Amino acid sequence: MTLTIPGFAHTRLPGADGVELAAAVGGTGSPVVLLHGFPQTHLMWRHVAERLADEHTVICPDLRGYGASGKPAATCPDVYSKRTMAADIVDLAAALGHERFALVGHDRGALVAFRAGLDHPETVTHLGILDVVPTLDMWNVLHGVPAAVGYHLFLMAQPPGLPEVLIANSADAFFGSFLDAWAGDAAALPEDVRAAYLWASAEAVPSIVADYRASAGIDVTHDQADLDAGSQLAMPVTVVQQDWGAQLGYDAAAVWKAWAPDLDHRLTRAGHFMAEEAPDEIATAIRDLLAR
């Protein structure tokens with residue numbers, strides 16, 4: 001059950017190591033790549049993409065391991081590291097003729113975008129982040145009872161086997177629980193869209209778990225190496241997020257400022273699925289970012 005963005009062309013292009021990525025592409029102008037989060041596909045960008053397409057070439061891929069993109073077996077930690085997934089996006093954009101592009105990510109896609117910004121500063125011109133902190137910081141701020149909101153991070157960090165079985169045996173209940181709990185406005189996820197997300201996620205349990213498992217291992221190693229080296233994001237960065245700092249007891253803007261000297265940090269009243277709940281707000285934030 002595949003839905004895509006109305007009016008956009010659907011294509012398949014090679015990412016890193018020959019893994020094929022599915023992508024919806026539309027509009028004309030300077031390129032903007034939009035990366036989806038969990039438990040979703042590129043479809044989450046449908047409203048924002050349509051708003052940006054008059055001024056930009058908008059590229060919305062499914063991340064490796066998600067949606068209609070390739071789902072290689074996690075034979076080693078690198079397969080689903082954010083470094084590899086970032087290289088996917090650079091290769092996909094190059095295949096479309098774009099050596100430089102703006103990049104915006106939500107949730108898991110934002111972690112890929114963050115890594116792309118650090119690893120490919122000559123390629124990523126502007127960076128937008130929706131509703132995360134970097135992987136290393138994420139683990140550092142999850143403490144005590146409030147950290148229960150992120151129970152899935154701990155579940156999917158476990159060794160291969162049990163998480164995949166537990167999730168596959170209750171896929172709709174598991175993935176649907178996040179669509180229910182994280183949406184500030186359930187109407188933003190109509191039944192056909194919700195069904196598409198659930199179907200795509202149920203088809204991708206091993207690769208989704210591998211993506212999350214990487215964030216409890218190799219992604220932390222990569223982030224720590226950059227922190228130790230004093231690496232920072234060289235491009236303008238806009239972060240839009242819910243007020244997680246107040247909920248979990250940390251200064252979210254300060255966390256991001258340490259990585260992004262040129263930072264515009266914004267809080268939103270929308271729920272986690274803000275690109276669908278508040279597309280005008282998110283499209284405006286992206287336009288403001290691109291104008292910097």
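Confirm whether A260 is crowded, with 21+ Cβ neighbours inside 10 Å and closer than 21 Å to W45 by Cα.
no
Any chance you could count how many residues in the stretch 47-65 are touching a Phe, Trp or Tyr at 6+ places or on another chain (Cβ under 8 Å) and either touching a residue at least 60 places away in the same chain (Cβ under 8 Å) or closer than 21 Å to A196 by Cα (or both)?
Summing the residues that are touching a Phe, Trp or Tyr at 6+ places or on another chain (Cβ under 8 Å) and either touching a residue at least 60 places away in the same chain (Cβ under 8 Å) or closer than 21 Å to A196 by Cα (or both) in the stretch 47-65 gives 5.
Tell me which residues, restricted to the stretch 185-206, are more than 15 Å from R46 (Cβ to Cβ), assigned to a helix (DSSP H, G or I) and open to solvent by less than 10 Å² (accessible area, probe 1.4 Å).
Listed by number, the residues that qualify are S201, V205.
Applying the selection to the stretch 207-223, what residues are assigned to a helix (DSSP H, G or I), under 28 Å from A68 (Cα atoms) and out of contact with any His (no Cβ under 8 Å at 6 or more places or on another chain)?
S207, I208, V209, A210, D211, R213, A214, I218, D219, V220, H222, listed by residue number.
Using the structure shown, decide if R100 is at pLDDT 95 or above, open to solvent by less than 10 Å² (accessible area, probe 1.4 Å) and more than 19 Å from T284 (Cα to Cα).
Values: at pLDDT 95 or above: yes; open to solvent by less than 10 Å² (accessible area, probe 1.4 Å): no; more than 19 Å from T284 (Cα to Cα): yes.
Against the criterion (at pLDDT 95 or above, open to solvent by less than 10 Å² (accessible area, probe 1.4 Å) and more than 19 Å from T284 (Cα to Cα)), R100 does not qualify.
Quick one: E191 ticks every box in (1) closer than 17 Å to L111 by Cα; (2) out of contact with any helix residue (DSSP H, G or I) (no Cβ under 8 Å at 6 or more places or on another chain) bar one, so which box is it?
With respect to (1) closer than 17 Å to L111 by Cα; (2) out of contact with any helix residue (DSSP H, G or I) (no Cβ under 8 Å at 6 or more places or on another chain), E191 is out only on (1).
If I filter the stretch 130-151 down to residues being out of contact with any helix residue (DSSP H, G or I) (no Cβ under 7 Å at 6 or more places or on another chain) and part of a helix (DSSP H, G or I), which single residue comes out as surrounded by the fewest Cβ atoms within 10 Å (Cβ to Cβ)? Explain how you work it out, then say what you get.
Going residue by residue through the stretch 130-151, those that are out of contact with any helix residue (DSSP H, G or I) (no Cβ under 7 Å at 6 or more places or on another chain) are 138, 140, 143-145, 147-151.
Okay, now just the ones that are also part of a helix (DSSP H, G or I), so 138, 140, 145, 147-151.
Details: M138: 21, N140: 13, V145: 6, A147: 14, A148: 9, V149: 14, G150: 14, Y151: 10.
Within the stretch 130-151, the match that is surrounded by the fewest Cβ atoms within 10 Å (Cβ to Cβ) is V145.
Out of the stretch 97-113, which residues are assigned to a strand (DSSP E or B) and touching an Asp or Glu at 6+ places or on another chain (Cβ under 7 Å)?
Selection gives H106 alone.
Against the definition (closer than 25 Å to A270 by Cβ, part of a helix (DSSP H, G or I) and at pLDDT 95 or above), how does A116 come out, yes or no?
Against the criterion (closer than 25 Å to A270 by Cβ, part of a helix (DSSP H, G or I) and at pLDDT 95 or above), A116 qualifies.
Residues in the stretch 106-116: is at least one more than 11 Å from the chain's Cα centre (by Cα) and open to solvent by 30 Å² or more (accessible area, probe 1.4 Å)?
No, the stretch 106-116 has no match at all.
Just to check your reading of the model, which residue among L63, L43 is part of a helix (DSSP H, G or I) and modelled with pLDDT of 95 or more?
Every option except L43 fails the conditions.
Between a residue in the stretch 225-246 that is closer than 29 Å to D280 by Cα and any residue that is part of a strand (DSSP E or B) and of a type in the set (G, A, S), which pairs come within a Cβ distance under 7 Å, given they are 6 or more apart or on different chains?
From the stretch 225-246, the pairs are T238/G128.
Could you list, in sequence order, all residues of the stretch 54-83 that are open to solvent by less than 20 Å² (accessible area, probe 1.4 Å) and among the charged types (D, E, K, R)?
Hits for the stretch 54-83 are D62, R64, K82.
Mind listing just one residue for me: the one in the stretch 1-53 that is basic (K, R) and farther than 21 Å from T125 by Cα and, of those, surrounded by the fewest Cβ atoms within 10 Å (Cβ to Cβ)?
Out of the qualifying residues, it is R12.
Within the stretch 122-129, is there a residue that is touching a helix residue (DSSP H, G or I) at 6+ places or on another chain (Cβ under 8 Å), in a helix (DSSP H, G or I) and open to solvent by less than 10 Å² (accessible area, probe 1.4 Å)?
No.
Among helices (runs of 4 or more DSSP H) lying entirely in the stretch 224-292, which contain 3 or more residues that are within 26 Å of L179 (Cβ to Cβ) and not aromatic (F, W, Y)?
Output list reads 244-248, 274-277, 279-290.
Consider A270 against the criteria (1) over 18 Å from L35 (Cα atoms); (2) open to solvent by 20 Å² or more (accessible area, probe 1.4 Å); (3) of a type outside the set (F, W, Y): it satisfies all of them except one. Which criterion is unmet?
(2)
Looking at A86, A94, can you tell me which residue is in a helix (DSSP H, G or I), open to solvent by 10 Å² or more (accessible area, probe 1.4 Å), without any contact (Cβ under 8 Å) to a residue 40 or more places away in the chain and not aromatic (F, W, Y)?
Among A86, A94, only A94 is in a helix (DSSP H, G or I), open to solvent by 10 Å² or more (accessible area, probe 1.4 Å), without any contact (Cβ under 8 Å) to a residue 40 or more places away in the chain and not aromatic (F, W, Y).
The values are calculated or read from the model by the stated rules, or taken from the named source; none is laboratory data. Just so we're clear, the structure is a prediction, and the values are computed from it rather than from any experiment. Using ideal geometry, Cβ is built from the backbone for each residue, glycine included, and neighbour counts are taken over all protein chains shown. Note: accessible area is taken over every heavy atom of the protein model, side chains too, but ligands, DNA and RNA are not part of it. Shrake-Rupley method; radii C 1.70, N 1.55, O 1.52, S 1.80 Å.
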